[in-house]
Amino acid sequence: MTNDLRYRRAALKLGLLLLLAACTQHANSRHADLVLIGDVRTMDPQHPHASAVAVRGDKIAAVGDDAKAWIGPGTRVVNVATVTPGLVDAHCHLYELGTDLESVDLKGAASEQEAAQRVIAARGTRGRGWDQNRWPGQKFPTHASIDAIAAPVVLDRVDGHAVWVNRAALEQSGITASTKDPDGGKIVRDERGEPTGVLIDNAVSLVKEPEASDEVREQRILRAAKLAIAAGMTGAHEMGIQRKTEAVYERLADEGKLPLRVYAFLRGAPDAPPPAPHGRFTMRGVKFFADGALGSRGAKLYDDYDDDRGNRGLWVTEPGKLKEEVEGAVAKGWQVAIHAIGDAGIGSVLDAYESAEARHPGDLRLRIEHLQVVAEKDVPRVVATHAIASMQPTHATSDMPWAEKRVGPQRILGAYAWRTMLDRHVPLAFGSDFPVEEVGPLLGIYAAVTRQDATGNPPGGWYPAQRMTIDEAIAAFTRGAAFAEHAEDRRGTIAVGMDADLTVFDRPLSADHSLLETHVQMTVVGGQIVYQSNQR
Ligand SMILES: [Zn+2]
């Protein structure tokens, strides 16, 4: 009996203590750290618009008129035009962007001579962004035009699937007329078989470059991250990094120096299960390549290229090997993302995914990166595998001047076909593939809703049946991106209890050219204002 009484008293005491604790917490929790008042586009299909959002700590505390009740003496209140969930680029290369910032920008060069001149003027040994499709004659460049530089020079093509090097780089790497083309790669040669200075797909790895130190890697990441948050990004899906870069990311995240969330994919087959997350850095995915790119005719097609009969592109990974790699990675608990651009490349990924899913039933979230030219017969297979369509709207508007020449009038109907995917309820995640394209999800949203270039061409949009609404496009950069990293229960929508990742704009977002004049006013990651524009 005494025991029972003692127990009751203890329970009562505990109950009172808990009640007291709850009251104190409740009193404090009525005050938000930050309240944004304006058009809040929640991306929550039940309540798409709200008038305000309150942030307390690293979470969203209230949404709508409720949020104003959270304003207290210490609350920072900002009137804004538009708030969306934090924009996430679901396919980009943050580390490579940092590398690029150290190298000569060849984007927009109108001829081989102009590109070469930029490199020579900068005395550069690294460069990126050349595109022979923009040049008269559309012919590949040669080493001769950059041989004026004595050190080895390596210049990446705009799509990252070919390099243009000088004689010194060829010599240092031992690439000669007798070097054989590697599997899935091509050394461009003259009539005598001599390398001309362009190496495509797997042949790129024949070029030997010195390894970057940890300090250099850190600088690259931080410089790129600064650009990303200024463009309104709260997260990046870092598509294919080395272990050494992973280690630097983990350290930066542990030290609290990473301003945005990075969800990374390891490049190449993993030897162990995925590592534990480190703060804002998580590496849970692995990136493989099925084929090359359309610009350099490396994308693998079921039939010949329309503008190069007899050529069907290249396997970067043979289908049998791809299947094994996917199986190995899924068995170790990794999420798989595979670069696939040509219809046959995509077909080989679907084969590999069907087989992995049969052996490992579950929520695998297998991703197809780019999904650029899909054969009609494969669309039902994309649906059936539950694959995530990880697409980049600005690729469509960059490639539209020449894409149809490559694949012809029939296959182009399945190209950059995000509306086709959306209508079949294929989960969409949007990105930019920067530094292939510019940094800035707004550019992607603009391309997705208009299918036009920055000058508004073509009028009405390129294959306009594939256009999306603005909410659909924002969702692909928020909710869709969150789903593509197993995080839709924490991020991607503005709702109570979600991580406080927000992007704030200086005007309403509408599906027209005004998107290109819209500026990011503030970027909030986990309740912390990581970027603020100095306008207004
Ligand atoms: Zn990429």
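The values are calculated or read from the model by the stated rules, or taken from the named source; none is laboratory data. Keep in mind it's a predicted model, so treat the numbers as computed, not measured. Glycine also receives a Cβ, built like all others from the backbone with ideal geometry; neighbour counts cover every protein chain displayed. The protein model used for the area step is the full one, side chains on, heavy atoms only, and it has no ligands, DNA or RNA in it. Shrake-Rupley method; radii C 1.70, N 1.55, O 1.52, S 1.80 Å.
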Can you tell me which residue in the range 70-91 is surrounded by the most Cβ atoms within 10 Å (Cβ to Cβ), limited to those that are touching a helix residue (DSSP H, G or I) at 6+ places or on another chain (Cβ under 8 Å) and not acidic (Asp, Glu)?
Ala90
Quick check: anything in the range 279-287 among the basic types (Lys, Arg), open to solvent by less than 50 Å² (accessible area, probe 1.4 Å) and not in a loop (DSSP other than H, G, I, E, B)?
yes
Which condition number does Arg217 fail, the rest of (1) touching a residue at least 40 places away in the same chain (Cβ under 8 Å); (2) open to solvent by 10 Å² or more (accessible area, probe 1.4 Å); (3) outside any strand (DSSP E or B) being met?
(2)
So Ile338, is it of a type in the set (A, V, I, L, M, F, W, C), touching a Leu at 6+ places or on another chain (Cβ under 8 Å) and within 21 Å of Ala482 (Cβ to Cβ):
yes
Conditions (1) open to solvent by 20 Å² or more (accessible area, probe 1.4 Å); (2) modelled with pLDDT of 95 or more; (3) over 22 Å from the mean Cα position of the chain (by Cα) -> Lys226 fails only (3)
How many residues are under 22 Å from the mean Cα position of the chain (by Cα) and either without any contact (Cβ under 8 Å) to a residue 12 or more places away in the chain or more than 16 Å from the ligand (Cβ to nearest atom) (or both) when one looks only at the range 349-372?
6
What's the total number of residues in the range 223-255 that are touching a residue at least 40 places away in the same chain (Cβ under 8 Å) and within 29 Å of Gly292 (Cα to Cα)?
15
Take Pro319 and tell me if it is more than 21 Å from Arg381 (Cα to Cα), touching a Ser or Thr at 6+ places or on another chain (Cβ under 9 Å), away from the ligand (no atom under 16 Å from the Cβ) and modelled with pLDDT of 95 or more.
no
Restricting attention to the range 225-252, which residues are aliphatic (A, V, I, L, M) and closer than 17 Å to Gly86 by Cβ?
Ala225, Leu227, Ala228, Ile229, Ala230, Ala231, Met233, Ala236
Some residue of the range 194-214 being of a type in the set (Lys, Arg) and either modelled with pLDDT of 95 or more or in contact with a His (Cβ under 9 Å, 6 or more places away or on another chain) (or both)
no
Check the range 173-182 and report whether any residue there is within 16 Å of the ligand (Cβ to nearest atom) and touching a residue at least 24 places away in the same chain (Cβ under 8 Å).
no
Would a scan of the range 412-430 turn up a residue that is under 24 Å from Leu97 (Cα atoms), touching a strand residue (DSSP E or B) at 6+ places or on another chain (Cβ under 8 Å) and touching a residue at least 60 places away in the same chain (Cβ under 8 Å)?
yes
Please name all residue pairs, on different chains or six or more residues apart, with Cβ atoms under 8 Å, provided the first residue is in the range 113-134 and is open to solvent by 70 Å² or more (accessible area, probe 1.4 Å) and outside any helix (DSSP H, G or I) and the second residue is modelled with pLDDT under 95 and not hydroxyl-bearing (Ser, Thr, Tyr).
Arg123/Ile149
Test set (1) crowded, with 24+ Cβ neighbours inside 10 Å; (2) within 29 Å of Gly310 (Cα to Cα); (3) within 14 Å of the ligand (Cβ to nearest atom) - Ser398 fails condition number
(1)
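Residue by residue, here is whether (1) surrounded by 16 or more Cβ atoms within 10 Å (Cβ to Cβ); (2) under 29 Å from Gln335 (Cα atoms) holds:
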residue: Pro459; (1), (2): no, no
residue: Thr469; (1), (2): no, no
residue: Ala484; (1), (2): yes, yes
residue: Asp506; (1), (2): yes, no
residue: Leu509; (1), (2): yes, no
residue: Ser514; (1), (2): no, no
residue: Glu517; (1), (2): no, no
residue: Gln521; (1), (2): yes, no
Of the numbered conditions (1) open to solvent by 10 Å² or more (accessible area, probe 1.4 Å); (2) within 16 Å of the ligand (Cβ to nearest atom); (3) not aliphatic (A, V, I, L, M), Lys405 satisfies every one except a single condition; which is it?
(2)
Looking at the range 150-170, which of the residues that are in contact with an Asp or Glu (Cβ under 6 Å, 6 or more places away or on another chain) and within 16 Å of the ligand (Cβ to nearest atom) is least open to solvent (accessible area, probe 1.4 Å)?
Val163
Residue in the range 428-450 that is open to solvent by less than 40 Å² (accessible area, probe 1.4 Å), under 16 Å from Ala465 (Cβ atoms), more than 15 Å from the ligand (Cβ to nearest atom) and part of a loop (DSSP other than H, G, I, E, B) present
no
